[in-house]
């Protein structure tokens, strides 16, 4: 209690000191600190970010009404270097005494540290914003221009400045807009017949329309739209400078008559300009130089191919199959010129990852046709990579890993890329099972092959369903890893075959035709050595029923744990074991069997993502993700056709492994609202369910859901929440149904430091599987009362290339209390969860 009082006292003293600081101490005579700016539009205050951003001068930023950064700046001393020297010389013996005690070098360090801290105060703080009359007038002009550009042509803007005797000042801006001007008639005057014909087809989508308020941005966007439409309709020489707008407002009673003028093409000679009507250009031929370099320029070609109307040339032997390159080229011989075709060609050639940035050049022919030449400079066929890592974790005192990789381009002459990567790591475990083992008793080796084909690898023609402008690609991968002294020690083999395509910039699709995974556990006997919570519960029950002496423990290496489980789960339950103890032992045994069994998963899935972000800095967007996965159906059909027999658990086996069969779906929706002034409201909702059937009664651990952690419900650590309200004894809690909803308010503190307050809700449950615990099972909507609620706050520091995040989560509504009061039981710092993460949680 005394410690809490002392902390409160220190906080009060610091707050009082900051509030007592004189915010005008760095304001010179005849200057005024700008403390407030207000904009009144038609006598009503307008505090929107759009209007505030028009002002050249704004007061120092405040937190809870206090200009904290200004006060930090004011704490810095002017000429700290000279002040330190002056302090040393103020007492004649001080410099000599300190030099003798600290040495001259240490005294210089003391001086530099003092100066350095002073500089930090200046850099972290914010310089006082001094009233500037010229900037005020510029703000008035900018406000006037803004309203004029949005249709208020008769706007009047003024300002009032109030200067106080305490060297503080405020500004009031007054805007009187009057009535806006409305677009009335829209006419066009187009000289080139070809352009006029094309314009008549596209004007229905015009961005300037009668009865709408005048906006300058609409005219700028309309100019871009017309230019793009014409450039994509064969008008090769057109650009937006040929488009002008005539605005007539004279005697129109605040109506705007618009005249759209499009001039003929201007052809500049040495001393004159003549005009000719625009013409439609077509592509006569497309030449592709496959191995262009500056050194090869002007040399004769050694190889050439004519393919599907394209002409491919090579200074050396042709290294590419022609369709591999022509599939990435959208400029087609005989087609009308389109700017869009050139843009798509640039993008798709870059996606091949086989060439440097391509050069595309058009040459005009006398017959209104174009010859297109695409020059490709190949990258090196082989690229080597090599990474090393030194690490420490909760299972090893020291670890070292190497990750070599090899990238082979154009491996089958179709612009395919093959990536071969490997991992080799060794480490020293913290808890050695065998003292005779070497120091580096942990090891992992693995290899991964990934082949990317820049088209859909299929015996069927998919061009009409997934055209090539969607950047379709095929990816195949094979990988294998082996671990020793890591968990149960595993050998994992996996293989995937999937298609990827992108209908537009926002949408991406992925279809996994198959995803095979085989996991073999090598050290099953070490289960209770890893899952200590299960072992402790089992060990305590064995002592309580006198199966072992109270001073001894169940032996793990000798399988005494398994022997006790078998003893307890006999058809005739021993009298000394109660029903509650039997339920715990049965739960431990079921989980052990599930986590130690080998897994064989053969699944297919489809993923859809719609990402509305326009760029990395967009703070107003939404993202929708959907995934549907099905596993085991093909193997079940094969098992029946082959007449395989079921095992003792009524399951089919392949290679002596009972394969998994389930269907799984996930819905994930994220929405961000930009509230202005670096304030963002972020929301994420998630619903996922995986249902076992046929050959399975439960979901593989790797495919199940968990709750808690820095990117989920931050008031619980990862895997510690759920299922439902059950009092679990497991280190890793998982289930096959998950509901989550997160809301976070983000705000700027100063510069790159941001804060956040958040509420996280959600939980996991078992449903339609072999779990019978009512507290862990979702039965009906009444189970929603077990949704956990966490709340808290955090800090984020933006390093530009990543965001460092620190969050503190408090258990606000805890379903583990069951019939007791669930609200605010552990709402304190001692029971809080401290999360560190990279980038935002959603």
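Values quoted throughout were computed directly from the atomic coordinates according to the rules given, and no laboratory measurement underlies them. These numbers come from a predicted model, not from an experiment. Quick reminder, even Gly has a Cβ in these numbers, built from the backbone with ideal geometry, and neighbours come from all protein chains shown.
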- Query: Pick the calculated P(r) over Cα pairs in 20 Å bins from 0, in percent for this structure from (i) 10, 29, 33, 23, 5, 0; (ii) 12, 39, 33, 14, 2; (iii) 14, 42, 33, 10, 0?
  - Reply: (i)
- Under 18 Å by backbone N from the virtual spin label 7 Å along Cα-to-Cβ at residue 681, the residues of region 743-778 are 743-748, 755-761
- Stokes-Einstein D for region 524-596, Kirkwood Rh over Cα pairs, 10 °C, 1.306 mPa s (µm²/s): 129 µm²/s
- Okay, helix-only estimate at 222 nm for the chain: each DSSP H run of n ≥ 4 adds -39500 (n - 2.57), divide by all residues, round to 500 deg cm²/dmol; what do you get? -7000 deg cm²/dmol
- Task: Restricting things to alpha carbons, find the Rg to Rh ratio for region 494-562 using the Kirkwood radius for Rh.
- Result: 1.44
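Want the number for residue 580 to residue 511: 0.36 nm per residue separation, take away the alpha-carbon distance, what's left? Don't jump to the answer; show the numbers that get you there.
Details: separation 69, 0.36 × 69 = 24.84 nm, distance 4.68 nm.
The residue 580-residue 511 span can extend by a further 20.2 nm.
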- Note on the structure: The residues 471, 726, sorted from fewest to most surrounding Cβ atoms within 10 Å, come out as 471, 726
- At 0.890 mPa s and 25 °C, Stokes D of region 605-838 from Kirkwood alpha-carbon radius, µm² per second: 124 µm²/s
- Item | Contour minus Cα-Cα distance for residue 747 and residue 544 (0.36 nm per residue) | 67.6 nm
- If you take the Cα atoms of region 382-521, find Rg, then find the Kirkwood Rh from the mean of 1/r over all pairs, what is Rg/Rh? 1.11
- Query: Can you sort 630, 580 by how many other beta carbons sit within 10 Å, fewest first?
  - Reply: 580, 630
- Query: Sorting 650, 441 on the 10 Å Cβ count, fewest up front, what's the list?
  - Reply: 650, 441
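Figure the gain on full extension for residue 138 and residue 246 (residue separation times 0.36 nm, minus the Cα-Cα span) and round it to one decimal in nm. Walk me through the intermediate numbers first.
Numbers: separation 108, 0.36 × 108 = 38.88 nm, distance 2.82 nm.
That pair, residue 138 and residue 246, stretches by 36.1 nm at full extension.
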- region 548-610 and region 250-289: distance between their alpha carbon centers, rounded to Å: 80 Å
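Per the Kirkwood definition applied to all pairs of different Cα atoms, how many angstroms is the hydrodynamic radius of region 282-375?
On the way: mean 1/r = 0.0735 Å⁻¹.
After inverting the pairwise mean of 1/r, the radius is 13.6 Å.
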- Pairwise FRET efficiency - residue 795 versus residue 830, Cβ, R0 = 22 Å, nearest 0.05: 0.60
